[in-house]
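Participant: The structure is given below, and queries will be raised subsequently.
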Amino acid sequence: MSPATSTGLPRRLGLWSSVALVIGITIGSGIFRSPAGIAQKVPNPILILGLWVAGGIITLCGALSLAELAAALPETGGFYAYLREGWGRLAGFLFGWSQLVLIRASALGGIAVTFGEYFLRSCGVDPVEHFIAARALSAGAIAFAAGVNIIGVNLGAAIVGVSTVAKFSALAVLIVTSLVLGAGHGASIGHLTTATGAPIGVGSLGLALVSVLWAYDGFGDLSFAGGEVKDPQRNLPRAIIIGTLALIVIYVMANVAYLYVSPVESVARSPLVAADTMFALFGRVGVVLVSIFVMISSFSSLNGSMLASPRIFFAMADDGLFFKSIARVHPRFKTPHVAIVLAAVLGMILVLSRSFEALTNTFVLAIWPFYALSVAAIYRLRRLRPEMPRPYKVVGYPVVPAIFIAAVIGFVVNALINDTLNTSLTFLLILAGIPVYYVAFGKKRR
């Protein structure tokens with residue numbers, strides 16, 4: 001039997017199981033929906049591919065850093081626990097507050113929009129012309145995912161298993177067929193080197209990087225299972241490095257396929273770029289095939305996102321840092337139905353009122369600063385709690401964590417300069433949790 005962790009969970013995840021987790025969790029809706037918005041901001045194929053590589057390097061630095069915290073603090077709540085231990089109860093509460101009012105709803109909305117638009121496209125309906133129908137389907141997908149998670153987890157687990165095959169199949173078919181058959185359907189190497197000539201500023205590159213990071217989000221989830229990885233000092237960094245490098249290759253090659261088949265200006269006008277790429281190669285059959293795969297992948301991500309918040313709320317409520325009613329368990333199904341319904345309602349409101357780009361940008365700008373603050377806790381905890389058991393220590397310390405923190409600070413400052421209103425509103429909503437904390441929870445103790 002594998003030795004158990006401090007939480008009583010046996011270490012059963014080997015190297016390749018861990019690699020599969022990194023890749024499978026991270027690939028969601030972003031690679032199928034974000035390229036259009038990125039091409040609009042940066043209409044240069046070489047720079048676009050460079051952004052996907054840069055996003056992968058930033059992700060790698062963050063994941064390697066978070067692995068140290070996950071191995072040292074294998075607790076329910078993930079980032080909430082890291083923030084609480086590193087920076088105190090207020091920091092942990094603000095993360096949970098942001099999950100409630102911004103992060104989870106924005107994530108649900110962004111994923112659901114992809115599902116709704118590809119669903120219509122698979123039926124031969126243009127989601128741009130039928131915007132209301134697309135958003136209604138997106139809201140319906142959120143409601144259905146909420147119902148699945150309230151009734152139980154078995155169906156959700158089955159969906160995750162099917163979707164892993166679907167998302168890999170979709171990307172593999174798209175990449176291989178584009179490169180092999182594209183030349184006979186108007187594809188050109190010139191598309192990969194020809195820019196529109198429009199000026200591209202540093203601000204546009206920074207905003208495009210935010211969209212890239214939406215696709216890479218999920219990189220920290222293996223960290224949550226750090227206490228269940230065999231030989232974590234060896235396997236955690238290896239799995240994260242191999243998994244992230246694989247993601248960089250997959251994402252870059254998918255964008256090569258998009259840009260090889262269509263010029264960058266066409267990609268910029270193609271919110272459903274995977275479907276349009278397959279249409280150029282196989283016509284209507286290709287659209288239906290890839291759309292079904294993307295729908296399965298998106299719904300799986302929707303299902304997984306719906307599962308994440310209740311764990312955080314449970315951990316916070318147990319610490320006296322959240323409303324007990326939100327962490328209430330259904331008497332029959334034994335699931336956190338109040339938290340699920342609340343997240344679903346907020347997600348449906350946002351999906352009916354905001355664009356995909358606005359939803360995903362809000363998500364990244366709301367949650368990645370908390371990632372950076374969690375990574376910064378490594379420095380503080382090493383100084384204040386040197387005796388803490390650390391089965392794994394971040395490779396390249398102190399440089400690797402510093403690269404991640406600096407990158408997050410950079411794109412947040414850029415967003416404040418170039419998208420001042422939306423970025424300011426995002427942070428004002430987060431900071432609104434401070435008076436809530438002091439009024440409702442500041443005097444409570446665990």
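Rule-based calculations on the coordinates, nothing more; no lab input. Everything numeric in this text was worked out from a predicted model, so none of it was measured. For neighbour counting, all protein chains shown are included, and Cβ atoms are generated from backbone atoms with ideal geometry for every residue, glycine included.
Participant: Report the extension gain between GLN233 and LYS324 in nm, rounded to one decimal, defined as 0.36 nm multiplied by the number of residues separating them, less their alpha carbon distance.
Facilitator: 29.1 nm
Participant: May I ask you to compute the full-extension gain from ILE409 to ILE200, defined as 0.36 nm times their residue separation minus their alpha-carbon distance, rounded to one decimal in nm?
Facilitator: Details: separation 209, 0.36 × 209 = 75.24 nm, distance 2.10 nm.
Going from the current span to full extension adds 73.1 nm.
Participant: Give me the dipole magnitude in Debye, nearest 20, for the range 15-441 about the Cα centre, with unit charges on the beta carbon: positive for Lys and Arg, negative for Asp and Glu.
Facilitator: Details: 25 positive and 17 negative charges, 146 e Å.
Here the size comes out at about 700 debye.
Participant: Which value in nm describes the separation of the simple spin-label points at ARG383 and SER169, placed 7 Å from the Cα toward the beta carbon?
Facilitator: Each label point is offset 7 Å from its Cα along the Cβ direction, giving 5.3 nm.
Participant: Gain in length, ARG269 to ARG284, computed as 0.36 nm per residue apart minus the alpha-carbon separation, to one decimal in nm?
Facilitator: Going from the current span to full extension adds 3.5 nm.
Participant: Going by how many other beta carbons lie within 10 Å of each one, how would you line up ILE48, ILE405, ILE434, fewest first?
Facilitator: So the ranking, lowest neighbour count to highest, is ILE434, ILE405, ILE48.
Participant: Moving to a separate point now. Mean-square fluctuation check for the chain, GNM, Cα pairs under 10 Å: which of VAL267, VAL399, VAL408 is largest?
Facilitator: Result: VAL399 has the largest fluctuation of those listed.
Participant: Lysine pairs in the range 15-441 with Cα distance under 29 Å, only those 8 or more apart or on different chains: how many are there?
Facilitator: 4
Participant: Can you tell me the order of 173-179, 210-216 when each peptide is scored by its average per-residue count of other Cβ atoms within 10 angstrom, highest first?
Facilitator: The peptides rank, most packed first, as 210-216, 173-179.
Participant: Rounded, prolate or oblate: which fits the range 328-446 when a ≥ b ≥ c are the square roots of the eigenvalues of the alpha-carbon gyration tensor, with rounded for a/c under 1.5 and prolate only if a/b beats b/c?
Facilitator: In terms of gyration-tensor shape, oblate.
Participant: Sort out the exposed loop GluC sites (Glu not before Pro) in the chain (DSSP loop, at most 13 other Cβ within 10 Å) and tell me the longest stretch that has none.
Facilitator: With a cap of 13 other Cβ atoms within 10 Å, the longest stretch comes to 130-386.
Participant: Identify which of the listed values of Rg and Dmax of the Cα atoms in Å was calculated from the structure shown: (1) 22.8, 74; (2) 22.0, 79; (3) 21.2, 69.
Facilitator: (3)
Participant: Next up: Show that you can apply the helix-only estimate: for the chain, add -39,500 (n - 2.57) for every DSSP H stretch of four or more residues, divide by all residues, and state [θ] at 222 nm to the nearest 500. Before the final figure, lay out the partial values.
Facilitator: Working: 19 runs with 318 residues, N = 446.
Rounded to the nearest 500, it is -24000 deg cm²/dmol.
Participant: Between the helical axis of 45-72 and the dominant principal axis of the chain, each derived from Cα atoms, what acute angle in degrees is found, rounded to the nearest 10?
Facilitator: 20
Participant: Something else now. How many nm separate the modelled label positions at VAL345 and LYS393, each set 7 Å beyond the Cα in the direction of the Cβ?
Facilitator: 4.9
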